[in-house]
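The values are calculated or read from the model by the stated rules, or taken from the named source; none is laboratory data. It should be emphasised that the depicted structure is a prediction, and the values quoted were computed from it without experimental measurement. Note that we place each Cβ from the backbone using ideal geometry, even for glycine, and neighbour counts take in every protein chain shown. Heads up: the accessible areas ignore ligands, DNA and RNA and are worked out on the full protein's heavy atoms, side chains in. Shrake-Rupley method; radii C 1.70, N 1.55, O 1.52, S 1.80 Å.
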Amino acid sequence: MRADLEIIQKWIKPGSRVLDLGCGDGSLLGYLRDNKQTIGIGLEIDDTKIDSCLGKGIDVIQQDLNKGLGNFVSQSFDTVLLTQTLQAVHYPDMLVEEMLRVGKNCIVTFPNFGNWKSRAHIAFKGRMPVSDFMPYQWYDTPNIHFCTVRDFDDFCRHKNINVITRTVVDNKHRDSAVIRAFPNLLSEIAIYHFSRGQQGNP
Amino acid sequence: MPDFLPENSVGIVKPELFHFDEPLTLRSGKVLKSYDLMVETYGELNADRSNAILICHALSGDHHAAGYHSMADKKPGWWDVCIGPGKPIDTRHFFVVSLNNLGGCAGSTGPASINPDTGTWYGPDFPVVTVRDWVHSQARLADRLGIQQWAAVVGGSLGGMQVMRWSISYPERVRHAIMLAVAPKLSAQNIAFNEVARQSITGDPDFHAGRYRDHGVIPKKGLMLARMVGHITYLSDSAMREKFGKATQEIKEASLNLGRDLRAGKLSFGFDVDFQVESYLHYQGERFSETFDANSYLLMTKALDYFDPSVDYDGDLSKAFANSNCRFLLVSYSTDWRFPPARTQEIVTALLKAGKQVSYLDIEADEGHDAFLLPVPRYMQAMTTYLNRVKQEVQS
């Protein structure tokens with residue numbers, strides 16, 4: 001199983017309703033169905049990945065996340081997931097708002113652009129970071145909205161988002177005290193579990 | 001005619017007539033005291049009767065969905081691309097049932113049948129049947145065949161509407177509902193096209209208020225026009241450009257031709273057929289008028305116009321699905337302007353609101369509404385994958 005999924009699945013309640021935005025080949029939803037008896041639906045745009053979902057018996061809706069979640073009723077899912085996709089959507093802020101509307105709680109994972117390797121790439125090479133993990137050039141990357149752990153923390157404060165858990169890991173999804181001590185510098189992947197904050201508590 | 005039967009064909013098939021004596025009360029309140037359904041089946045029903053798939057036909061379809069009636073047939077059944085050994089609806093694993101709906105003209109009781117009360121053709125007196133009535137009659141057919149629950153009910157367009165009705169009226173009898181190129185109800189534009197079709201038929205001097213058989217004629221011109229206008233709505237602009245834009249004459253660039261190929265290579269400066277597309281529509285209309293009954297066509301278009309399962313639920317389609325117990329697969333096609341993807345998405349949204357298990361695919365296809373009848377690779381692949389899963393379910 002993908003390492004980030006290993007972390008995420010701990011936050012999913014057995015038998016809950018899960019919406020996975022950009023569900024890929026349906027691995028996560030399949031795992032959650034088989035191990036947590038969840039009722040899941042995935043949104044995906046890629047034909048081949050959709051076919052993989054159908055083959056696993058995972059319900060999948062062909063839908064562009066950039067067009068919002070208008071077809072989903074408010075608070076109709078226990079958990080809405082967005083793994084490694086936030087940086088690729090046109091309006092991350094609007095999508096997160098939609099996630100909070102549709103789901104009782106949300107999980108977002110994204111590559112941390114504040115990682116020292118990214119910083120070093122720009123600082124010393126003077127070039128946009130390219131790595132095995134993010135192999136694209138600036139002109140062909142689907143990742144158009146990179147942010148750092150610190151940026152996302154600020155975002156949550158501004159948007160009245162209640163962060164339940166923040167986990168930061170390296171690119172093998174390993175957790176360590178050192179990474180936790182310097183999350184924005186050392187973590188490569190950030191995993192946020194959050195819900196809508198209380199009214200009047202920005 | 002096929003010189004030999006392809007290996008993935010169900011082969012030579014023989015329709016079977018089922019007679020029903022139990023009266024069927026229709027949505028209109030009228031009663032059909034008895035009726036016949038013309039049925040074809042392909043494949044074998046398994047021991048626990050769990051592998052049956054019902055095929056619901058569209059406006060001009062019938063029971064002959066796959067295979068050939070004889071080696072003299074020019075074409076196989078209307079959905080032969082999808083049904084057969086090794087095809088998406090794989091007859092090595094599924095028992096496929098396909099019928100001609102009530103009011104049709106391919107063997108089931110309809111306007112061209114004899115009314116037992118009068119001893120003569122029903123003609124225009126055949127009661128208006130609705131999608132709901134068809135589904136009730138199909139349920140009786142399932143009873144007769146000993147099928148308590150369909151592994152899947154499948155249909156496109158008007159056929160997809162029957163699938164939707166199955167999932168609402170008989171929630172325990174459907175495992176999977178597969179709807180293709182479908183809308184939750186017709187729009188004013190859809191109804192308008194149907195009305196043009198009906199007016200062409202009823203306005204034909206040979207229509208004789210639906211009693212044309214008594215006069216030994218058929219409203220050929222009217223049926224032809226009805227089919228021509230229908231056919232235009234089944235194709236997309238791009239499909240017509242492609243089909244009629246081979247550009248062999250003065251305009252070499254197909255993209256500039258817009259499907260304006262000339263029939264005789266030059267303009268006639270008269271009012272005869274100049275363009276290929278005109279000739280094609282004439283041919284399609286003519287062929288259709290020779291095989292389809294005008295009264296049946298009127299009935300089928302009415303069934304389309306009347307379809308709206310939300311009508312019993314304050315217009316809220318999601319409430320109609322409240323008791324549905326099956327899983328849903330819906331497919332739309334990008335160039336379908338009769339039931340565009342947004343119309344299919346209305347159903348998806350209602351199902352999501354009702355908390356149902358649904359998958360939805362928006363297929364890129366140039367072929368317009370007709371795409372659901374054609375072997376569009378991605379669509380065929382998705383059907384294969386989905387039904388493979390259904391097969392595993394019913395086998396285990």
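Take the conditions free of Cβ contacts under 8 Å to residues at least 40 places away in the same chain, surrounded by fewer than 17 Cβ atoms within 10 Å (Cβ to Cβ) and in a helix (DSSP H, G or I) and apply them to residue B:392. Does it pass? Criteria met by residue B:392.
In region B:333-356, the residue that is farthest from the other protein chains (Cβ to nearest Cβ) out of those that are buried (at least 21 other Cβ atoms within 10 Å of the Cβ) and charged (D, E, K, R) is B:338. Among the residues of region B:365-378, the one identified as touching a helix residue (DSSP H, G or I) at 6+ places or on another chain (Cβ under 7 Å) and within 11 Å of chain A (Cβ to nearest Cβ) is B:378. Just one of the listed residues (B:46, B:8) is open to solvent by less than 60 Å² (accessible area, probe 1.4 Å), under 20 Å from residue B:98 (Cα atoms), assigned to a loop (DSSP other than H, G, I, E, B) and not β-branched (Val, Ile, Thr), namely B:46.
Only residues that are open to solvent by less than 40 Å² (accessible area, probe 1.4 Å) and either free of Cβ contacts under 8 Å to residues at least 40 places away in the same chain or part of a loop (DSSP other than H, G, I, E, B) (or both) were counted in region A:184-202, giving 3. Show the residue pairs that are 6+ apart or on different chains and have beta-carbon atoms under 7 Å apart, the first residue being within region B:1-22 and of a type in the set (Gly, Ala, Ser), the second being modelled with pLDDT under 95. Matching pairs, first to second residue: B:11/B:5. For region B:28-82, the set of residues classified as among the charged types (D, E, K, R) and in contact with a Pro (Cβ under 8 Å, 6 or more places away or on another chain) consists of B:30, B:33, B:40, B:73, listed by residue number. When each of B:387, B:330, B:317 is tested for being more than 8 Å from chain A (Cβ to nearest Cβ) and surrounded by fewer than 23 Cβ atoms within 10 Å (Cβ to Cβ), the lone residue that passes is B:317. Residues of region B:357-371 that are out of contact with any Lys or Arg (no Cβ under 8 Å at 6 or more places or on another chain) and open to solvent by 10 Å² or more (accessible area, probe 1.4 Å): B:362, B:366, B:367, B:370. Tally the residues that are part of a strand (DSSP E or B), open to solvent by 20 Å² or more (accessible area, probe 1.4 Å) and at the interface with chain B (Cβ under 8 Å from one of its Cβ atoms), restricting the search to region A:32-79. Total satisfying the criteria: 2. Against the list (1) closer than 17 Å to residue B:342 by Cα; (2) open to solvent by 10 Å² or more (accessible area, probe 1.4 Å); (3) not in a helix (DSSP H, G or I), the condition residue B:189 fails is (3).
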